[in-house]
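The values are calculated or read from the model by the stated rules, or taken from the named source; none is laboratory data. Worth saying up front: this structure is predicted, and the values here are computed from it rather than measured. With ideal geometry, Cβ positions are generated from the backbone for all residues, glycine too; neighbour counts draw on all protein chains shown. Note: accessible area is taken over every heavy atom of the protein model, side chains too, but ligands, DNA and RNA are not part of it. Shrake-Rupley method; radii C 1.70, N 1.55, O 1.52, S 1.80 Å.
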Amino acid sequence: MIALLLRDLRLAVRAGGGFGLGLAFFLIVTILVPFGVGPETALLSSIAPGILWLGALLACLLSLDRIFALDWEDGTLDLLATAPLPLEAVVSVKALAHWLTTGLPLVLVAPLLGVLLNLAPQGYLWLLISLALGTPALSVLGTFGAALTVGLKRGGLLLSLLVLPLYVPSLIFGAEVARRGALGLQLTTPLLLLAGISAGAIALLPFASAAVLRVNLR
């Protein structure tokens, strides 16, 4: 599992399209929003949690089709399916590699980009916490969607249509945690719901993804 994880990390860095692309997209969205809504600091401060979460969600979406596509094209996925390593473990490692190369950098850079949107000072910590809790679910859900569309021509659009509705609960509760944290309000309920979504996705979806891959590889 460690060897597979290191391989996927190296491929993400060398091949491009995953590592760095998400950060660039996140930065572009954050920079363009003030041009679109105006320079009013009060307005930017109120929409900053939602914009930052939406930017992180779309940035995660960019590299989902590469999770299994390269392995499908060169036959590696067939070898992984017949290897002693359970396919559920392979899916888990793929999701972890996606989070390390896409989700984790977004979590680390989000507070810096919050400055551009005039995020309230007390909201930075909760923005970081909400993204740290929510982005693993985005990677696991995206891995499930990638498993559903593996081998399909032009499956990127279909993948987006399948995954985006599944992302909505994480977006709602994650943005609400950051918003309430910025306003100093009570945030236990959305925080627990966000953590529950991530925990449930991590516990259940690798098995569903592995089952889908077995069907697609027949």
Based solely on its DSSP helices, what 222 nm [θ] is calculated for the chain when runs of n ≥ 4 H residues each add -39,500 (n - 2.57) and the sum is averaged over all residues, nearest 500 deg cm²/dmol? -27500 deg cm²/dmol
What is region 68-218's relative contact order, in percent, from Cα pairs under 8 angstrom and six or more apart in sequence? 32
With +1 assigned to the C-beta of every Lys and Arg and -1 to the C-beta of every Asp and Glu, and no other charges, what is the dipole magnitude of the chain about the Cα centre in debye, to the nearest 20? 100
Counting only the heavy atoms of the protein chains, how much of residue 74 is accessible to a 1.4 Å probe, in Å² to the nearest 10? 100
I'd like to compare 179-189, 193-203, 77-87: which one has the highest average count of other Cβ atoms within 10 Å, and what's the full order after that? 193-203, 179-189, 77-87
Expected field for residue 73, accessible surface area in Å² at 1.4 Å probe radius, rounded to 10, holds 140
Quote the accessible area belonging to residue 2 in square angstrom, nearest 10, computed with a 1.4 Å probe and with ligands, DNA and RNA left uncounted. 130
Could you give the angle, 0 to 90 degrees to the nearest 10, between helix 2-15's Cα long axis and the longest principal axis of the Cα atoms of the chain? 70
About its Cα centre, what dipole magnitude does region 91-218 give when the only charges are +1 on Lys and Arg Cβ and -1 on Asp and Glu Cβ, stated in debye to the nearest 20? 420
Does region 1-119 come out rounded, prolate or oblate by the C-alpha gyration tensor, with a ≥ b ≥ c the root eigenvalues, rounded set by a/c under 1.5 and, if not, prolate when a/b is larger than b/c and oblate if not? prolate
Among 25, 144, 68, what's the order by accessible area (1.4 angstrom probe), most exposed first? 25, 144, 68
Any idea which of 196, 24, 210 is furthest toward the positive side of the dipole for the chain, if Lys and Arg beta-carbons carry +1 and Asp and Glu beta-carbons -1? 210
Mean separation of Cα pairs under 8 Å and 6+ residues apart, divided by the residue count of region 1-143: what relative contact order is that in percent? 38
For region 86-213, which whole-number percentage of the solvent-accessible area (1.4 Å probe, protein heavy atoms only) is attributable to carbon and sulfur atoms? 78
7 Å from Cα along Cα→Cβ at both residue 6 and residue 40: what's the point-to-point distance in nm? 5.5
Accessible area per residue of the chain at 1.4 Å probe, in Å²? 48
Please compute the length gained on full extension between residue 32 and residue 78, using 0.36 nm multiplied by the number of residues separating them and subtracting their Cα-Cα distance. 12.3 nm
